[in-house]
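Student: Questions regarding the structure given below will be posed in turn.
The values are calculated or read from the model by the stated rules, or taken from the named source; none is laboratory data. As the structure is a computational prediction, the values presented were derived from the model and not from experiment. Neighbour counts are summed over all protein chains in view; Cβ atoms, including those assigned to glycine, are modelled from backbone coordinates with ideal geometry. Please note that ligands, DNA and RNA were not included when accessible areas were found on the heavy atoms of the full protein model with its side chains. Shrake-Rupley method; radii C 1.70, N 1.55, O 1.52, S 1.80 Å.
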Amino acid sequence: MSAHPRIEAPFATPEEALAHDAWLRAKVQAAIDEPGPSIPHDQVMAELRARIEDAARADDQARLAK
């Protein structure tokens with residue numbers, strides 16, 4: 001048993017799954033090859049947490065406005 005079990009995505013055809021795999025691998029490689037500075041994990045997580053909280057607040061406000 002591997003440490004990271006494979007997650008199967010529900011694609012309509014094997015060709016669709018292969019195309020998605022190729023797309024994802026290209027995106028990952030482009031990110032690896034990017035010459036800009038890396039962003040520390042903690043900074044990314046803090047920014048994402050703030051965005052999620054902002055979205056949740058906006059959603060709450062929209063519900064209250066109804």
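Student: For the range 38-51, which positions are open to solvent by 100 Å² or more (accessible area, probe 1.4 Å), part of a helix (DSSP H, G or I) and within 23 Å of VAL28 (Cβ to Cβ)?
Tutor: HIS41, ASP42, ARG51
Student: Let me ask another. Which one is least open to solvent (accessible area, probe 1.4 Å) among residues in the range 7-37 that are within 17 Å of the chain's Cα centre (by Cα) and of a type in the set (D, E, K, R)?
Tutor: ASP21
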